[in-house]
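Single-structure report; data block below.
Read-outs throughout are calculated quantities, based only on the coordinates presented, and are distinct from any laboratory measurement. This structure is a prediction, so every number in the text was calculated from the model and none was measured. Cβ sites come from the backbone with ideal geometry, for glycine too, and all protein chains shown count toward neighbours.
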Ligand code: NAD
Ligand code: AHE
Ligand code: ZN
């Protein structure tokens, strides 16, 4: 069949809207009509050439929602008509990682997913007869996709696609980093570095668990009002702090935060986030994806004296289990997604979504098909 997609033909080039060919689902795969997709910073990271796994040509996009329109042989967990959110972190429930209960990083299809192909080693997309690669097992910048059934969360049918698509990455990553990775508790003090599409969801996760102090740090003071709406109690613009940022934050949090979160992808900020943790127990959670080759540093003394450095992918969420629950939280009014979706675009204008992100004008742009 044909599908309309925004194709990344090369790094650093605008996406091109073209009609490409999509082969039907093979064993264990499903065909999904994507109804809406969010534009995440990670899509730009790959397009910019900073991702060591970045391959071209490919169909980017990893934050979407849609409807199953066909199933391949052997598919048992989904049927035509099911509403789904594609998962770049699948959940096979059988691999060593899934069975360990210690991580959400399912390994069942990671090797082929990282090469931009389906588990049989081939791509379902073609343009003028040449293969076009998948991205993060999702490729939600295409109106139709094929993906393994273990990489689909089945969700309730009354959930609006143009809102819950954001649960496919940003919402789950931010809230999950608080509740599953940090396991932050009521009454804690926390600092969130970067108040964008991820950091604002960290803030709402902290409010959900009952954090007492939620400090937001961003070089864009335009983020203060929206962050306050989501639960931030104190705002800090590093450019307006006299002297070093870390002692300022340690003082503001009465000796350092119980939990800090990097949602910038900047390794200097990651160090500040670790060092702003409380001596003895503070935990710093790395969410941001740093450019290829970047490294983190600190004095080992920071760890010797009890600070903990951790990272999180997809907020530690087990997609098929946890994503439908987060959709329920949205439908019950327990989390706010609507106010973070600042822009809606048709596929033809998808490149504007990246411009809006870089200028700081948008939190999340969503493309509706
Ligand atoms: P975004 O561009 O919407 O937001 C980033 C924010 O950080 C902006 O508000 C910006 O002003 C702020 N910022 C930039 N430099 C700063 C600095 N030096 N100090 C303080 N604030 C600074 O991006 P996003 O969509 O929120 O994504 C944030 C990061 O998280 C990206 O690196 C993205 O790739 C990554 N990410 C990781 C996961 C995961 O599973 N680990 C999932 C999604 C996104
Ligand atoms: N391909 C990059 C890594 C990018 C990365 O860390 N991706 C996160 C999700 S970001 C979503 O917006 C992730 O889940 N990583 C776990 C995994 O297995 O990829 C690189 O540096 O190679
Ligand atoms: Zn993302």
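Helix 199-209 and the longest principal axis of the C-alpha atoms of the chain enclose an angle of approximately 70°. Across the range 241-369, Cα-Cα distances exceeding 25 Å account for 46% of all pairs.
Spatially, the range 170-196 and the range 3-66 are offset by 28 Å when compared through their Cα centroids. The range 209-224 and the range 256-288 have Cα centres spaced 14 Å apart. Computed with the Debye formula from one identical point scatterer per Cα of the range 111-218, without solvent, the log10 of I(q)/I(0) at q = 0.13, 0.18, 0.23 Å⁻¹ comes to -0.66, -0.94, -1.15. At q = 0.26, 0.29 Å⁻¹ the log10 of I(q)/I(0) for the range 35-82 amounts to -0.90, -1.02, computed by Debye summation with a single uniform scatterer per C-alpha, solvent ignored.
DSSP bridge analysis restricted to the chain gives an antiparallel fraction near 55%, rounded to the nearest 5. Hey, in the GNM for the chain with a 10 angstrom Cα cutoff, which one of 49, 319, 293 fluctuates hardest? Looking only at 49, 319, 293, the biggest GNM fluctuation is shown by 293. Can you give me the angle between helix 350-359 and the longest principal axis of the chain, using Cα atoms only, in degrees from 0 to 90, rounded to the nearest 10? Helix 350-359 sits at roughly 10 degrees to that axis. Protection proxy ranking, highest mean first, for peptides 3-16, 132-145: 132-145, 3-16, where packing is the per-residue count of other beta-carbon atoms within 10 Å, averaged. Taking packing as the residue-averaged number of other Cβ atoms within 10 angstrom, the listed peptides 167-174, 354-361 run from highest to lowest as 167-174, 354-361. Output the relative contact order of the chain, whole-number percent, from Cα pairs under 8 angstrom with separation of 6+ residues. Computed value for the chain: 18 percent relative contact order.
Overall dimensions of the chain, expressed as equivalent-ellipsoid semi-axes from the Cα gyration tensor (√(5λ), whole Å, largest first), are 35, 21, 19.
Going by alpha carbons, how many degrees (0 to 90, nearest 10) lie between the helix axis of 319-331 and the longest principal axis of the chain? Compared with the principal axis, the helix lies near 70 degrees. By the helix-only formula, in which each DSSP H run with n ≥ 4 contributes -39500 (n - 2.57) and the sum is divided by residues, the chain has a 222 nm mean residue ellipticity of -6000 deg cm²/dmol.
In the range 1-129, Cα pairs under 8 Å separated by at least six residues give a relative contact order of 24 percent. Which whole-number percentage describes the relative contact order of the range 45-189, with Cα contacts under 8 Å and a sequence gap of 6 or more? Reported as a whole number, the value is 30 percent. Of the peptides 87-96, 68-77, 261-270, the ranking by mean beta-carbon count within 10 Å, highest at the top, reads 261-270, 87-96, 68-77. The convex hull of the Cα atoms of the range 1-120, projected and averaged over all directions, covers 8.1 nm².
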